[in-house]
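Report on one structure; see the data block that follows.
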Amino acid sequence: MKLIIQIPCFNEANTLPLTLSDLPRRIEGIDAIEYLVVDDGSTDGTAGIAKQHGVHHVVRFPTHQGLAAAFGRALSASLENDADIVVNTDGDNQYRAKDIPLLIQPILEAKADMVIGKRPIAKNRYFPFWKKLMQKAGSWVVRIISKTGVPDATSGFRAFSRDAALRLNVFDAYTYTLETIIQAGRSNIAVAWVPVGINSPTRESRIIKNIPSYVFHSIFTIIRIFVLYKPFRFFALCGSLLLGAGILLDARFVYFYLAGSGSGMVQSLILSAILSLAGFQLFIVGLLADLISTNRRILEDIQFRIRSRPRG
């Protein structure tokens, strides 16, 4: 049983040595532990630091591509190097490495194929209120769509069995955390969570450049998830709102017409027709999007079968 601990990095030369020094060398039930670093176009020599500290596998992007791309490449590289279990952690030593045995235990016991580390967010004084709020909102949306009970969907401290890793795809350019849980739930991958600890911050977050940017990206990601994974529900809701507005305008016209003052209300009928037509079109778009979503599931299953073929 081989465990590969993957670390997506961007300019982590100062913190990576501390992260690597805390990683476990032996875990009961694991025959081999290897480390893998994806250097996401760093300019501070992160890849060289990784090699100096004995990292087994180092992949380097020539330009900065973002956390989601680095995570996806790390996952692929871990599978290429025959990982049976993959653990993802951060290069800034945010997550407590001594909890990795706890994180992989449900996989070793065949109780889950994907395990999320739940951080003590409510008690974390380093998390501002607005960040806690967006974390709760994102986790709530993910629980609804994925039908999983993960309480900390934005945690990047997670473990995957080989089968789970083979099924996952990352499409979001901003983050991978929410989307991978939803994919797992839709693919009937057993998802579990365990409480984990965190270390004191070693640097400012690079994902959260400022509050408006973080809130915007969080809301955009949540909406995108709805459109991508629940297309008919999303477009049907939008269409219903437009149809409802059109019906209200019709009712308004009828009321004034019966009251004898409807001669100047023709514009209400025109606007009602426009809203009703737009609402109907959104319903049609929702049906087409739902068909595309079904086709995507079939393609994902084909992709999994191809990936699962023995190499060579």
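The values are calculated or read from the model by the stated rules, or taken from the named source; none is laboratory data. All figures in this text were calculated on a predicted structure; none of them were measured in a lab. Cβ: placed from backbone, ideal geometry, glycine included. Neighbour counts: every protein chain shown. The area values use the complete protein model at the heavy-atom level, side chains included, leaving out ligands, DNA and RNA. Shrake-Rupley method; radii C 1.70, N 1.55, O 1.52, S 1.80 Å.
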**Request:** Of the listed pairs Lys2/Lys147; Lys98/Lys136; Lys111/Lys147; Lys147/Lys230, which have alpha-carbon separations greater than 19 Å here?
**Result:** Lys2/Lys147; Lys98/Lys136
**Request:** Please build a GNM for the chain, connecting alpha carbons under 10 Å apart, and tell me which residue among Arg158, Arg252, Arg224 fluctuates the most.
**Result:** Arg252
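Given a 1.4 angstrom probe, I'd like the percentage of the accessible area of the chain that is carbon and sulfur, rounded to a whole number.
Exposed carbon and sulfur together represent 61 percent of the surface.
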**Gln65-Phe220 pseudo-label distance in nm [points 7 Å out on the Cα-to-Cβ vector]** = 2.0
**Item:** Residues Leu241 and Met1, FRET efficiency given R0 of 51 Å [Cβ-Cβ distance, rounded to 0.05]
**Value:** 0.45
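What is the calculated FRET efficiency for Val254 to Asn188, with r their C-beta to C-beta distance and R₀ = 51 Å, to the nearest 0.05?
Numbers: r = 50 Å, r/R0 = 0.98.
Approximately 0.50, to the nearest 0.05.
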**Message:** Rolling a 1.4 angstrom probe over the protein chains, ignoring ligands and nucleic acids, what is the accessible area of His56 in square angstrom, nearest 10?
**Reply:** 100
**Prompt:** With a Cα-only, solvent-free Debye model of the chain, what are the log10 I(q)/I(0) values at q = 0.08, 0.16 Å⁻¹?
**Reply:** -0.44, -1.35
**Fill in**
Taking R0 as 35 Å and r as the Cβ-Cβ distance between Trp140 and Asn199, the FRET efficiency 1/(1 + (r/R0)^6), rounded to the nearest 0.05, comes to 0.85
**Asked** Given a 1.4 Å probe and the protein chains all in place, what does the accessible area of Cys238 round to, in Å² to the nearest 10?
**Response** 40
**Prompt:** Once all Cα-Cα distances of segment 220-312 are split into 5 Å bins that start at 0, what whole-number percent is in each one?
**Reply:** 3, 14, 14, 13, 12, 10, 9, 7, 6, 4, 3, 2, 2, 1, 1, 0, 0
**Request:** Can you work out the accessible area per residue across segment 1-128, with the rest of the protein chains kept in place, probe 1.4 Å, in square angstrom?
**Result:** 43
**Prompt:** In terms of solvent-accessible area of protein heavy atoms at a 1.4 angstrom probe, what is the ranking of Leu75, Leu133, Leu108, highest value first?
**Reply:** Leu133, Leu108, Leu75
**Asked** Taking the Cα atoms only, what angle lies between the long axis of helix 67-80 and the longest principal axis of the chain, rounded to 10 degrees?
**Response** 50
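With the Cα gyration tensor of segment 1-79 giving a ≥ b ≥ c as the square roots of its eigenvalues, does the rule (a/c under 1.5 for rounded; else a/b larger than b/c for prolate; else oblate) give rounded, prolate or oblate? Mind showing how you got there, number by number?
Numbers: a/c = 2.43, a/b = 1.46, b/c = 1.67.
Note, shape of segment 1-79 comes out oblate.
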**Prompt:** What angle do you read, to the nearest 10 degrees and between 0 and 90, between the alpha-carbon axis of helix 231-258 and the longest principal axis of the chain?
**Reply:** 20
